[in-house]
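Working notes for the structure below.
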Amino acid sequence: MSNESVQSETHSKTARLVEISNQNCIAIVMIDNPPVNALSAQLRAELFEALTTLADDEDVLGIVIACSGRTFVAGGDIGEFGTPKQLEPPLLPDLCTLVEAIRKPIVAAIHGTALGGGLELALAASFRIVHTDAKLGLPEVKLGFIPGSGGTVRLPRLVGPEKALEMILSGSPISAEDALASGLAELVSETNLLADSVTFLRTFLDTKAGDLVPLRERDDRFAATRADPSRFEALAKGLIAKVRGLSAPIACVEAVRNAFVLSFDEALREERKIFLQLVSGPESRSLRHLFFAERQSNRTRKDIRARTVKRIGVIGAGTMGGGIAMSFANAGFSVTILEMSDEALSRGLGIIERNYAISVSRGSLSAEARAERLARLSPTTDYGALAECDLIIEAAFEAMDVKRQIFSQLGASTKPGTILATNTSYLDVNEIAEASGRPQDVVGLHFFSPANIMKLLEVVRGNKTSPDVIATALDVARRIGKVPVVVGVCHGFVGNRMLTARAMENEALLLEGASPGQVDKAFTDFGWPMGPFQMGDLAGLDIGWRNRKAQGKTALIADALCEAGRFGQKTGRGWYLYKDGSRDPQPDPEVDALVEGAARRQGITRRAIPSDEIVERTLFPMINEGARILAEGIAGRASDIDLVWVYGYGFPAGKGGPMFWAAQQKVIDIPTRLDHWFKNTGREIFRPTRELETLLR
């Protein structure tokens, strides 16, 4: 499914989407359904009609299916999902069956992207000729279902089950060169795709017309896997481990396995059955919600032009600054990194070099690419070196006086129009902006650690931030592969403000009878990659400790751990014990004793706490805070909050984000829950807002 598969509203629904021409017995079926030739109900009907006519035309010896515009069929029409249009015949499986059944050679001439249903249509053809710019893939798993029109059955017959499994489970497209090498394509066209496709078809008709073997009758790519399926099963196990908690990847493995275990028709029937089960399920609804949320968060007003950004400045070469610099260098930007001393600069560059070296050792980055990225970094201790930068991102220590000083200097020394961004996690962007003397040029760009990996970017809009600065921030975010979400100014913005609300129950649960391991297990069973205590140990407990002290706040157990020098993994002790440098958390009797002693002193009678209570007592206060954030206009849409939590904090994507998940929980009676918890704890867990009650109604 292409990110652009929803059709343009301006395209006439009555215009013909398929035209046929003839070049000396070769029929050219030209699809024209802008902007991305998505397989709408109208296009399916017209294409089915055209191919049915050509199948019976004795003057037609071969067929080329091609597309006008910038791409081949880029996928199904996502805009028709869940509507009657989606079920209008002919369905895509019927169209693919027709293409396959026509006893004439058919070439799919592919340029741009052939994704999802677009690639499934091409797989049903006899041959695939691809332009050098083509990308081919089956990304359905990213929307919570499997290819449902023969993709899991036909693709393995061309590229082998192992290659097919990698493509289908990753959902990522492959290049034209890869398609040729793997057997998915017969030829790569470097010039005129249509002419090359016609020439290929004529040559086949002149020399090999009798050798057209339907794909359903080819299973030579299965021989090795059938003889020894262990490699396939090991590959499947490894790929599934990377996407735990989701059912669609498991179903993809089953469907590809069916391709070489069952007959062709049986495998097709099973594929369709699995597809229909998944596409109507909660996981797919959640992932489709996130798909549209991401599209919406990227939109900017068409009348606002982004500023030109070519050179980046980053102030601070620590963990966050280094990660930000890598994000831009990876995307091809030239980056100037500023530090206050040569020692700090050398230390930061050393970490960046080690990070790239690790990528090279793992095979995810070539040595040449590593050298190119490092060459884009220009280290300096001189503010003057930032003079030509178009965007400067400050990633200094989280203290207002430090940031005000930096922005005062930047405001006075940088060229007009340079965008000045702060990476603050909590501080007031408006106060920082005023220190610059040019608040219209200031924006918050809150990256998440590790910045070169995490996809979320909170774009913090100050009171005086210019609209073209926001447009530029969104444009730059897309260019470096981030998911940007525009938020307003408040303490912690969206993500950290809600995280604070969630964390308020963590220690209370411990004092009342839960253990760190039990709380973390409740979280991972829900679908989080890890629980709050394990996450705290990974990030470092001293970070939260410093933040609490700056706000005059305390946390009974966490503060005691920090006072004892227990900062998490980096000290070998935190909420858990990490023996001999291991990252494997082990329960620590000292922590249990600390918690039990604190509970005793506060007169708390400890009890067994069920997992569902742990989940609800931590999630609903945070969702309640999200409802407040919406009411205050800090976030523009509930779906924006969902993006923040899925891409920044690991909320399980299969549940769609906290606000979407909460809206599905119609059976939860919050007043009854609050009354129950009050009887157990003697205190008000949280006070629900009207917005939360509306969300759950």
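The values are calculated or read from the model by the stated rules, or taken from the named source; none is laboratory data. Just so it is clear, the structure is predicted and the values come from calculations on it, not from any experiment. So basically every Cβ, Gly included, is an ideal-geometry build from the backbone, and we count neighbours across all protein chains shown.
Scan the range 407-421 residue by residue and report those that are over 14 Å from VAL443 (Cα atoms) and part of a helix (DSSP H, G or I).
Within the range 407-421, SER408, GLN409, ALA412, SER413 meet the criteria.
Condition first: in a loop (DSSP other than H, G, I, E, B) and under 16 Å from SER449 (Cβ atoms). Can you find one or more residues in the range 565-572 that meet it?
yes
Is it the case that some residue within the range 370-386 is part of a loop (DSSP other than H, G, I, E, B), surrounded by 15 or more Cβ atoms within 10 Å (Cβ to Cβ) and touching a residue at least 40 places away in the same chain (Cβ under 8 Å)?
Scanning the range 370-386 turns up at least one residue that is part of a loop (DSSP other than H, G, I, E, B), surrounded by 15 or more Cβ atoms within 10 Å (Cβ to Cβ) and touching a residue at least 40 places away in the same chain (Cβ under 8 Å).
Counting only residues that are touching a residue at least 12 places away in the same chain (Cβ under 8 Å) and more than 30 Å from ALA27 (Cα to Cα), which one in the range 202-223 is surrounded by the fewest Cβ atoms within 10 Å (Cβ to Cβ)?
So, considering only residues that are touching a residue at least 12 places away in the same chain (Cβ under 8 Å) and more than 30 Å from ALA27 (Cα to Cα), the one surrounded by the fewest Cβ atoms within 10 Å (Cβ to Cβ) is PHE222.
Report yes if some residue within the range 536-544 is among the hydrophobic types (A, V, I, L, M, F, W, C), surrounded by fewer than 18 Cβ atoms within 10 Å (Cβ to Cβ) and touching a strand residue (DSSP E or B) at 6+ places or on another chain (Cβ under 8 Å); otherwise report no.
Checked against the condition, which is being among the hydrophobic types (A, V, I, L, M, F, W, C), surrounded by fewer than 18 Cβ atoms within 10 Å (Cβ to Cβ) and touching a strand residue (DSSP E or B) at 6+ places or on another chain (Cβ under 8 Å), the range 536-544 yields at least one hit.
Does PHE686 qualify as being of a type in the set (A, V, I, L, M, F, W, C) and surrounded by fewer than 16 Cβ atoms within 10 Å (Cβ to Cβ)?
Judged against the criteria, PHE686 is not a match.
Being at pLDDT 95 or above and under 28 Å from LEU246 (Cβ atoms) is true for just one of GLY112, GLY160. Which residue is that?
Residue meeting the stated conditions: GLY160.
Of all residues in the range 496-548, which are of a type in the set (Ser, Thr, Tyr) and in a helix (DSSP H, G or I)?
If the condition is that a residue be of a type in the set (Ser, Thr, Tyr) and in a helix (DSSP H, G or I), then THR500, THR524 are the ones that fit.
I'm trying to understand the selection: among the residues of the range 144-188, which are touching a helix residue (DSSP H, G or I) at 6+ places or on another chain (Cβ under 6 Å), in a loop (DSSP other than H, G, I, E, B) and buried (at least 18 other Cβ atoms within 10 Å of the Cβ)?
Of everything in the range 144-188, those that are touching a helix residue (DSSP H, G or I) at 6+ places or on another chain (Cβ under 6 Å), in a loop (DSSP other than H, G, I, E, B) and buried (at least 18 other Cβ atoms within 10 Å of the Cβ) turn out to be GLY144, PHE145, ILE146, PRO147, GLY148, SER149, GLY150, GLY160, GLY171, LEU184, ALA185.
As an exercise: evaluate ARG583 against (1) more than 22 Å from LEU511 (Cβ to Cβ); (2) among the basic types (Lys, Arg); (3) assigned to a helix (DSSP H, G or I) and give the number of the one condition it does not meet.
Looking at each condition in turn, ARG583 falls short on (3).
Testing ALA114 on (1) in a helix (DSSP H, G or I); (2) within 27 Å of the chain's Cα centre (by Cα), one condition comes back false. Which one is that?
For ALA114, the exception is condition (1).
Name the residue, out of ARG299, ARG295, that is out of contact with any His (no Cβ under 7 Å at 6 or more places or on another chain), in a helix (DSSP H, G or I) and either charged (D, E, K, R) or farther than 17 Å from ARG373 by Cα (or both).
Going through ARG299, ARG295 in turn, the sole match is ARG295.
Only one residue in ILE629, ILE609 is modelled with pLDDT of 95 or more and outside any loop (DSSP other than H, G, I, E, B). Which one?
ILE629
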